[in-house]
1. Suppose each label sits 7 Å from its Cα in the direction of the beta carbon; what would the K481-H325 distance come out to in nanometres?
2. Suppose the chain between L118 and A422 were pulled fully straight at 0.36 nm per residue; how much longer would it get relative to their current alpha carbon spacing?
3. Mean shadow of segment 342-492, computed from the convex hull of its alpha carbons, in nm²?
4. Take the Cβ-Cβ distance between R351 and E314 as r, set R0 to 56 Å, and report the resulting FRET efficiency rounded to the nearest 0.05.
5. Extension gain E438-L301, at 0.36 nm per residue separation less the Cα-Cα distance, in nm?
6. Give me the extension gain from K62 to D16: residue separation times 0.36 nm, minus the current Cα-Cα distance, reported in nm with one decimal.
7. What is the spin-label model distance, in nm, from A182 to D41 if the labels are put 7 Å beyond Cα along the C-beta direction?
8. Report the rotationally averaged projected area of the chain based on its alpha-carbon convex hull, in square nanometres.
Amino acid sequence: MRMAEERSDAIRQYLDQQILLLSTLSGMYPVKVIGNQDHLDRLFKAINERGHVVDLQVIDAKGVQLSYVGPHRALVEGKKYHDAEWFNDTLIAGKHVSDVFLGYRNIPHLVVAVTDPLKTYVIRATINSEKFNALLHQAQMGHSGDAFIVNPEGEFQTPSLQGEKELTSAERELLVHHEGTAAQVMGSYLYTTRWIKEGQWMLMIKFKVSESLGSFNERRNNSLMIIAAATIIFMFSAVLLCRYMVGKLERSDRRRANMDQQMIQVEKMASIGRLAAGIAHEINNPLQMITNQAGWIEELLPDEDPALVKNFDEYRDAVSKIKFHVTRAGTITHRLLGFSRRMTTEKECIRVNELIEETISFVENEALSNKITIERELDENLPTTMSDGPQVQQVFLNILNNGLDAVDHDGKIVVSTRADDASIYIEFSDTGPGISPEVMKQIFDPFFTTKEPGKGTGLGMSICYDIMKKLGGKIDVNNKKTGGAIFTITLPLRKMGEPGQEEEGTFGYEGAIS
Ligand SMILES: Nc1ncnc2c1ncn2[C@@H]1O[C@H](COP(=O)(O)OP(=O)(O)OP(=O)(O)O)[C@@H](O)[C@H]1O
Ligand SMILES: [Mg+2]
């Protein structure tokens with residue numbers, strides 16, 4: 001149906017164009033000009049660049065030919081047309097489009113004629129209808145399809161694609177006037193017909209039903225395939241996009257969680273530090289008083305007569321216990337103050353290996369008595385760095401003490417050093433029980449200890465953490481696959497005069513089981 005409409009539109013446009021061409025000429029030139037042979041010759045050349053027009057003829061209102069350009073000049077010379085049907089038709093209707101006929105040269109022709117607005121003459125052109133036929137044959141007709149134009153008598157106006165010379169008797173029955181486009185199945189063909197040129201021609205398009213359905217099915221299958229392919233591509237890209245987004249979200253979540261954890265730790269340290277400083281300060285004075293008073297009692301006791309003082313020995317023991325515990329409390333407050341003090345880090349050139357040796361010497365006796373060996377795997381070419389020696393040593397000492405406590409007896413602590421372009425790495429690994437996930441979470445918290453009351457303050461690791469942060473390095477803790485804990489200190493490599501990055505270095509613990 002659509003094809004019939006498209007084709008009939010194309011044909012109508014083509015015929016309209018030819019009529020418009022002649023109407024333009026007749027509107028522009030009066031009979032005197034256009035009836036002049038020379039003038040018509042020039043006009044013909046101008047309008048016929050593509051060779052569509054076979055000839056051009058001007059006839060006055062009485063039917064006498066005035067001028068002619070074309071191959072049949074001799075034949076039409078002096079010819080009178082006043083009786084010709086097409087001529088009178090043109091004068092009455094203003095325009096005329098003939099049927100297609102084969103001219104002398106056996107080329108299908110079509111005559112188009114119009115009259116000027118004053119009806120003083122008729123201009124007639126013979127159009128080569130091959131171009132016009134091509135309009136029909138452009139249509140996709142399939143192998144056995146056909147498209148042609150017939151007049152009401154059933155005569156072919158354009159050649160049949162299938163080489164048919166005349167309509168079958170069944171096809172002739174379709175030559176009844178109807179409006180718009182009609183479709184009808186006859187035998188194995190589907191016929192689409194449409195009257196064109198004001199009912200003077202019928203455009204007939206025929207398809208084999210099987211082929212038309214075939215092409216429909218083919219088109220439907222193609223559409224289905226395109227839809228399926230588009231769906232697959234869409235789903236595939238949606239899945240990829242989703243995965244990418246989820247991955248990105250996960251990564252950013254992890255990063256944020258890590259940052260949060262570090263921030264929490266920093267805040268915790270800062271607030272506890274402030275609190276601890278205040279408390280330690282307040283407690284230190286009374287402690288001092290207690291020590292003084294206990295000392296005073298101790299000094300006075302020998303003046304007493306043990307025979308008169310019933311619990312003399314008890315008092316002396318109690319005083320020494322008071323002194324012992326006050327000293328212990330003093331140590332705690334001292335550590336607390338050290339921890340919370342905004343220490344100005346002294347920058348000096350430190351030799352890490354030497355610091356390690358020195359620190360080990362502090363604990364070696366204790367290690368020996370518990371049958372714990374301390375092995376060194378020190379990089380001899382370790383570079384020096386600008387840092388704070390006593391504070392670094394404090395970190396080493398805290399870690400070594402923890403190691404000795406964890407191993408308890410009969411075991412080993414290995415201290416190793418290495419460096420790359422950016423940092424020095426110091427590892428302390430021990431053969432202790434390792435660190436459980438719960439302890440791992442809190443190991444850097446101030447006052448967190450698993451040791452018996454009186455044995456540990458729980459400040460060692462938090463002090464290490466704080467120091468490493470101030471020195472621009474970090475402290476990581478992991479468990480070894482073979483058991484035991486491993487602490488890694490990362491100390492930034494800084495040369496003399498290089499600005500430090502205190503408080504800005506990375507810090508924190510990983511808590512991963514490696
Ligand atoms: N090498 C290690 N192996 C196993 N657990 C450890 C090790 N080092 C530290 N820990 C755990 O971490 C806890 C906290 O250590 P931290 O040094 O902060 O405090 P502490 O050793 O208990 O007390 P202090 O340092 O005052 O003696 C310890 O109580 C212990 O449970
Ligand atoms: Mg400790």
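1. Using points 7 Å along Cα→Cβ, the separation is 5.0 nm.
2. Numbers: separation 304, 0.36 × 304 = 109.44 nm, distance 10.25 nm.
Extra length available between L118 and A422 comes to 99.2 nm.
3. On the way: hull surface 36.0 nm².
The directionally averaged projection comes out at 9.0 nm².
4. Working: r = 53 Å, r/R0 = 0.95.
Step by step, r from the Cβ atoms, then E = 0.55.
5. Working: separation 137, 0.36 × 137 = 49.32 nm, distance 4.98 nm.
Working it through step by step, the gained length comes to 44.3 nm.
6. On the way: separation 46, 0.36 × 46 = 16.56 nm, distance 2.62 nm.
Going from the current span to full extension adds 13.9 nm.
7. Inter-label distance under the simple model: 5.2 nm.
8. On the way: hull surface 215.6 nm².
For the Cα atoms of the chain, the hull's average projected area reads 53.9 nm².
Readers should treat all values here as calculations from the given coordinates under stated rules, not as data from a laboratory. Here the structure is a predicted model, which means the values were calculated and not measured. With ideal geometry, Cβ positions are generated from the backbone for all residues, glycine too; neighbour counts draw on all protein chains shown.
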